[in-house]
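Undergrad: What follows is a single structure, and I will ask about it in a moment.
No value in this document is a laboratory result; all are computed from the given coordinates. Everything numeric in this text was worked out from a predicted model, so none of it was measured. Note: ideal-geometry Cβ built from the backbone for every residue, glycine included; neighbour counts use all protein chains shown.
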Amino acid sequence: MMRRRYRIMKDESCISCLRCARECSFGAIEAADGKGLVFHHQECTDCQRCVSFCPVGAIYITEDGNRFRRNAVFGEDDIQQIHLQAETGGVLLSSMGAPGSSVPIYFDRILLNASQVTNPSIDPLREPMETSVFLGQRPERILRGSEGRLVDNLPPHLELSTPIMFSAMSYGAISLNVHKALAAAAEELGTYWNTGEGGLHESLYPYKGNTIVQVASGRFGVHGTYLNTAAAIEVKIGQGAKPGIGGHLTGAKIIGDVSKTRMVPEGLDAISPAPHHDIYSIEDLAQLVMSIKEATDYSKPVMVKAAAVHNIAPIASGIARSGADIISIDGYRGGTGAAPLRIRDNVGIPIELAIASVDQRLREERIRDRVSIIASGGIRNSADAVKAIALGADAVSIGTAALCALGCHICASCHTGRCAWGIATQDPDLTRRLDPGKGAARLVNLVNAWTREIKEIMGGMGINSIEALRGNRMALRGVGLNEKELGILGIGYAGE
Amino acid sequence: MEALDIRECGLEGIRKHGDGEITVTGCLGERYIGCGMKEGVLRIKGTPGNALASYLDGGTVLVDGNAQDAAADTMNAGLLAVNGSAGDALAYGMRGGRAYVLGDAGYRAGVHMKAYGERKSILVIGGRTGSFLGEYLAGGIIIVLGLGYEGKDITGYFCGNGMYAGTIYLRTGKVPLNLSDKLVKRNVEEEEKEDILRPIITDFASVFSISARRCLEGGFIAIEADGSKSYSQLYAAV
Amino acid sequence: MKKEGEIRISSGCAISGIFCRDGRRIPGEAIRKSIAVMHSRSNGLGGGFAAYGIYPQYRDFFALHIFYDSQSSREETERFLDSHFDIINLSKIPTRPTPRIQDAPLIWRYFVQPLPHMLQDSQLDEDEYTSRAVIRINDSIEGSYVVSCGKDMGVFKAVGYPEDVADFYRIEEYEGYSWTAHGRYPTNTPGWWAGAHPFSLLDLTVAHNGEISSYDANRRAVEMYGYSCNLLTDTEVIAYMLDYLTRKQGLTLRECSEVIAAPFWSTISMKGEEERARLSYLRKMFSSFLVTGPFSILVGFRGGMMALNDRLKLRSLVAAEKGSTVYFSSEEAAIRIIEEDPDRIWAPRGGEAVIVTLGREAG
């Protein structure tokens, strides 16, 4: 029998309006005829939808009081998972990012600097403070034309008004309304959203200038128009939540426009192979990057996204030499719509360490200025973004945080397809819960607020342009870190 | 009138003179001349150093040539009149009195000048200024006449950034370069020119013995904070 | 306690410069007088001078000014020099006992040229050959520090007030067409001889007033290109950046100023199309070289001088002209003391370089 994890509770203020039952998409709350509300606690995912919509604040969710016998080695989750696997023989499936507490969040052990006396801090609301970022390749040398005039020999760049972009999340994993909200927000903010590997719905073609289209191993919905209806193209090698693992969107979700956009027949599974079977080596990556450039007339930057794994530094160096313009690195805590739990929780390394080692490696190889780096995977707030940039990223990308702006409470049930917030689902009754216009406005608010905070932080350090923050590791100090960790992060200890 | 050579008497000697009028000669970079002075008149020859007439609290400081940085810093009352130009950070946080500069001012003139009750700070610059004029202005009046720069930009970039009270008057029809959208610019009507600008500018002209008519010639524009665009809306309490 | 060189130390400062566009060589007394006026901008923990045109009899040789902590570091360095350069002349740099200048290292001067066969084997030009050799000495020979290494120029610096440093080095006995001076106000004690300004590489010298907030971003960028910032000072980073941008990228000094003190994007957007494209290109191409935070610098180079403020003009800088002589200083008084009645005196705008060269008008 399924273990009850949460308990749905209500107090006497309940007016029996049954709103909670209508909102619950997991079948945990039932409006039984004549009997009022019936709770099926074992179905509850703690998504907080019912709580958010209860007009009188009567309902709430608690952890179930029942506990397994305490054991310091075999925790309750361990035992529960053994029971489930014994029953089913199945690989455990999960979603969102690794929730574990045993892997440090380095962002929380890094503190920022501020100016005092020797250098003025800056009030960002009243003085100029620049957050524009240009992503793309830089040639090694300047070029001069006639009369010694400088010739612009820069390959195409992406221009971001703020160093925050939206991570790749595919149509199929999330709803079209989410894509609409992301696209509209990216356009208003002057940044970019990313289609993920599920193709680009035709209704979003007008957002071309702020769209990054992805080419993944499944090549869903990839065609000439797709590649050219974008500001940049991203080759996805891997993602932080499931490095080395492909994707599997079940036939049940391949319906209607998802089928059309992915160009996969209705009802047929959409399988993303684990690797690109045309990339078995680094020179093959160069071939794919260059073929995409050829197909798009060298008019757009090509990005390569890889998961942060143990040897990410040399991998990034290889990517940089493959002709790619931008390297996107997704850390251990990155989210997903569905991934094997053991992979999500055990494979890869935290983004902080990955960015630090990649940035340092590219500098040692003297090619850091040639490419741009995007960091993602567990960026929760503006301070995380600032720290990622000071460690060496050009910009950050947010997925989970963007979904939270749209209502997500990280119940990590995306893989069920029953998302009560209308985000990770294709059920039309659920997807209509998310109004793309209102969603876009919330995304814009979020990114604007973070951008203002980034300016406040930069101002405190006396830095008035984001490029002077990039790789500026003296702006950082560690607490609670050992020598090795400080060494990899390339920062001093607080007080040093 | 008594004349003192600063190289001999030092700041101490100047401080001792009380409410009389003296000429200070031989100045070359000596800082803090007239600092906190409450009464009397100093006539300065040479190039006085930084923080001239800072905290000035009455009395008059007249400079023959140029002033360096941070003149009239946090000035409270009295008159500073510079016959030449002033350096950067002129009249920072000035709370009252008159600071007149016949020539140009450097960057960040009149930053965070204030007004409170009877006290109202007045800064008049005859020439032009560098960037960030009147940044964070919290009260008082800044006037830039642009004498000799007719038809040209008479302020730098970021004029009035972040100001939330007070007024910047410019004798020009040109809107300052990259003026913040949190500020409003308006043309000064005849009545305001007569009531507010004429008395100040006439006084300015008489201090330097120049023609007030020339200083008042042509139209003025005024820059003020746009009250509808407060910064508080940018915050959300946790 | 970590000493300077092991840890980055902030400092404020005074700078002063004199440049004779007609190539007239003037004694060091004038620059000493000028920088001394700004005594209170220094705290006695660093002063120095850069002079150009002072070694006409050796104008074709690299002049190395070197500090040694000990005889053994001198011997090791001289062995290294012997195996890489032809040493034309060597001597102690003459000094005079000055009570306020203490703990002097051994201070030597060498006029050298690269050994022809070594130079040929290295496939480098003589500037690159020499700069690599100097970086190697500073990096790997304990207790040995090359203060300057250009041709027909030299840097004289010490821990002390700049006027005392001038007396110590008998600066009045040198004659140059271009002089810069620096008085330092670091936030640490004791001062450090090598940490004084100007800082130099080959013919390029930098005297700097301020503290940059982009330090580590700039340092890590320039270290990519073979420089080693072992002094941990802003000035060293700025000097290396300028060397990289001019000598290795071929930018003009004006273009360098548009990189390190780049106009704001909002300012660039107000320019005409061609200028907008040019400035955007420089900013995008060299984004790691943008310097933020307060600085005013005097850059000496062969046949010229550049004065530059940060783009917000957070440090003071005054310029003046009298006939063919150009003056720069942190304070007007420091110019007036040597030129009471200049033809023109002005404050350059933030980010707008003033560059003067032999035989040309200031612009």
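Undergrad: For a quick check of your reading of the filter: which trypsin sites (Lys or Arg not before Pro) in the range A:42-141 sit in a DSSP loop and have no more than 11 other Cβ atoms within 10 Å?
TA: Numbers: sites: A:R49, A:R67, A:R69, A:R70, A:R109, A:R126, A:R141; in loops: A:R67, A:R69, A:R70, A:R126, A:R141.
Qualifying residues, ordered by number: A:R67, A:R69, A:R70, A:R141.
Undergrad: So, one more: Tell me, A:H223, A:H276 in order of fewest to most beta-carbon neighbours within 10 Å?
TA: Numbers: A:H223 13, A:H276 20.
With the sparsest Cβ surroundings first, the list reads A:H223, A:H276.
Undergrad: Write down the percent of antiparallel bridges among all DSSP beta bridges whose residues are both part of the protein assembly as shown, to the nearest 5.
TA: On the way: 106 of 175 bridges.
So the antiparallel bridges in the protein assembly as shown amount to around 60 percent.
Undergrad: Over all Cα pairs of the range A:6-90, how is the pair count split among 5 Å bins, expressed in % and running from 0 up to the last occupied bin?
TA: It works out to 3, 13, 21, 19, 14, 10, 10, 8, 2, 0, in whole percents.
Undergrad: Another one. By how many degrees, 0 to 90 and rounded to 10, does the Cα axis of helix A:282-295 deviate from the longest principal axis of chain A?
TA: Helix A:282-295 sits at roughly 90 degrees to that axis.
Undergrad: Kindly provide the pair-distance distribution of chain B built from C-alpha pairs, with 10 Å bins from 0 and whole-percent values in order of increasing distance.
TA: Taking every Cα pair in chain B, the percentages come to 8, 34, 34, 17, 6, 1, 0.
Undergrad: Give a residue-ordered list of calculated ³J(HN,Hα) values for the range C:261-268 (Karplus: 6.51 cos²θ - 1.76 cosθ + 1.60, θ = phi - 60°; whole Hz; x for Gly, Pro).
TA: 3J(HN,Hα) across the range C:261-268, in whole Hz: 10, 4, x, 4, 4, 5, 6, 4.
Undergrad: Considering only DSSP states other than H, G, I, E and B, which GluC sites (Glu not before Pro) in the range A:1-103 qualify as loop sites with at most 16 other Cβ atoms within 10 Å? The partial results should precede the final answer.
TA: Values: sites: A:E12, A:E23, A:E30, A:E43, A:E63, A:E76, A:E87; in loops: A:E12.
Of the GluC sites (Glu not before Pro), the ones in loops of the range A:1-103 whose Cβ has at most 16 other Cβ atoms within 10 Å are A:E12.
Undergrad: Nearest 0.05, what FRET efficiency do A:A449 and C:D86 give at R0 = 51 Å with Cβ-Cβ as r? Spell out each step's value before the answer.
TA: Values: r = 65 Å, r/R0 = 1.28.
Efficiency, from the Cβ-Cβ distance: 0.20.
Undergrad: Another question, if that's okay. Shielding by partners for C:224-233, please: the mean number of other protein chain Cβ atoms within 10 Å of each residue's Cβ.
TA: Partner-chain Cβ atoms within 10 Å, mean over residues of C:224-233: 1.
Undergrad: Give the calculated FRET efficiency between C:L124 and C:D343 to the nearest 0.05, with a Förster radius of 45 Å applied to their Cβ-Cβ distance. Let's see the in-between values first.
TA: Working: r = 44 Å, r/R0 = 0.99.
Plugging the Cβ-Cβ distance into 1/(1 + (r/R0)^6) gives 0.50.
Undergrad: Let me ask something else about it. With contacts defined as alpha carbon pairs under 8 Å and 6 or more residues apart, what's the relative contact order of the range B:2-227 in percent?
TA: Values: 717 pairs, mean separation 23.9, N = 226.
Normalised by residue count, the contact order of the range B:2-227 is 11 percent.
Undergrad: Let me ask something additional. Antiparallel versus total DSSP beta bridges in chain A: what percent is that, nearest 5?
TA: Values: 22 of 53 bridges.
Here the antiparallel bridges make up roughly 40 percent for chain A.
Undergrad: Treating only the Cβ atoms of Lys and Arg (+1) and Asp and Glu (-1) as charged, compute the dipole magnitude of chain B about its Cα centre; round to the nearest 20 debye. It would help to have the intermediate numbers written out before the result.
TA: Numbers: 25 positive and 29 negative charges, 68 e Å.
Using Cβ point charges on Lys, Arg, Asp and Glu, chain B gives about 320 debye.
Undergrad: Work out the mean other chain Cβ neighbour count within 10 Å for the residues of C:207-216 and drop it here as an integer. If you can, show how the numbers build up before the last one.
TA: Values: counts 0, 0, 0, 3, 6, 4, 18, 13, 5, 12.
That average works out to 6.
Undergrad: Once both labels are modelled 7 Å past Cα along the beta-carbon direction, what's the A:E364-A:Y60 spacing in nm?
TA: Distance between the two pseudo-spin positions: 5.3 nm.
Undergrad: Just to verify a number: FRET efficiency for A:C17 and B:K229, C-beta to C-beta distance, R0 = 45 Å, to 0.05?
TA: Details: r = 42 Å, r/R0 = 0.93.
Computed FRET efficiency for A:C17 and B:K229 comes out at 0.60.
Undergrad: Taking a quarter of the surface of the Cα convex hull of the range A:261-360, what do you get in nm²?
TA: Values: hull surface 32.3 nm².
Computing the convex hull of the Cα atoms and averaging its projections yields 8.1 nm².
Undergrad: Let me ask something else about it. If eta is 1.002 mPa s and T is 20 °C, what Stokes-Einstein diffusion coefficient results for chain A, Kirkwood Rh from Cα pairs, in µm²/s? Could you put the intermediate results ahead of the total?
TA: Values: Rh = 23.9 Å.
Once the numbers are plugged in, D ends up at 90 µm²/s.
Undergrad: Still on this model: Can you work out ³J(HN,Hα) from phi for every residue in the range C:317-329, in order, using Karplus 6.51 cos²θ - 1.76 cosθ + 1.60 and θ = phi - 60°, giving whole Hz and x for Gly and Pro?
TA: For the range C:317-329, the Karplus curve yields 7, 10, 10, 8, 10, 9, x, 9, 9, 10, 10, 10, 6 Hz.
Undergrad: A follow-up question, please. Would you mind checking the range A:55-93 for residues with the amide N under 17 Å from a putative spin-label position 7 Å along Cα→C-beta of A:H409?
TA: Within reach of a label on A:H409: A:55-65.
Undergrad: I've got another one for you. Quick one: what are the phi-derived ³J(HN,Hα) couplings along the range A:28-33, Karplus 6.51/-1.76/1.60 with θ = phi - 60°, whole Hz, x for glycine and proline?
TA: Values per residue, Gly and Pro as x: 8, 10, 10, 9, 7, 3 Hz.
Undergrad: Follow-up. Just flag the trypsin sites (Lys or Arg not before Pro) in the range A:328-388 sitting in loop per DSSP whose Cβ has no more than 15 other Cβ atoms within 10 Å.
TA: Values: sites: A:R333, A:R342, A:R344, A:R361, A:R363, A:R366, A:R368, A:R370, A:R380, A:K387; in loops: A:R333, A:R366, A:R380.
Answer by residue number: A:R366, A:R380.
Undergrad: Counting only other chains, what is the mean number of Cβ atoms within 10 angstrom of the Cβ of each residue in peptide C:51-63?
TA: Working: counts 0, 0, 0, 0, 0, 0, 0, 0, 0, 0, 0, 0, 0.
The per-residue average across the peptide is 0.
Undergrad: May I ask you to derive the relative contact order of the range A:6-90, considering only C-alpha pairs under 8 Å and at least 6 residues apart, and to give it as an integer percent? Don't jump to the answer; show the numbers that get you there.
TA: Details: 101 pairs, mean separation 28.2, N = 85.
Once divided by the residue count of the range A:6-90, the mean separation gives 33 percent.
Undergrad: Here's another thing I want to ask about it. Take each of the peptides A:278-284, A:150-156, A:405-411, average the number of other beta-carbon atoms within 10 Å over its residues, and list them starting from the highest. Before the final figure, lay out each step's value.
TA: On the way: A:278-284: 12.9, A:150-156: 15.4, A:405-411: 20.6.
Highest-to-lowest ranking by the protection proxy: A:405-411, A:150-156, A:278-284.
Undergrad: Same structure, new question: Give me A:V358, B:V41 ranked fewest to most by other Cβ atoms within 10 Å of their Cβ, as a rough exposure proxy.
TA: Numbers: A:V358 29, B:V41 18.
With the sparsest Cβ surroundings first, the list reads B:V41, A:V358.
Undergrad: Counting Lys +1, Arg +1, Asp -1, Glu -1, what net charge surrounds C:Y68 among other residues with beta carbon under 11 Å of its beta carbon?
TA: Working: positive: C:R74, C:K92; negative: C:D69, C:E75, C:E76, C:E78, C:E142.
So the environment of C:Y68 carries a net charge of -3.
Undergrad: Using the 10 angstrom Cβ neighbour count as an exposure proxy, how do C:S213, A:S167 rank, fewest first?
TA: Details: C:S213 33, A:S167 28.
Least to most surrounded, the residues fall as A:S167, C:S213.
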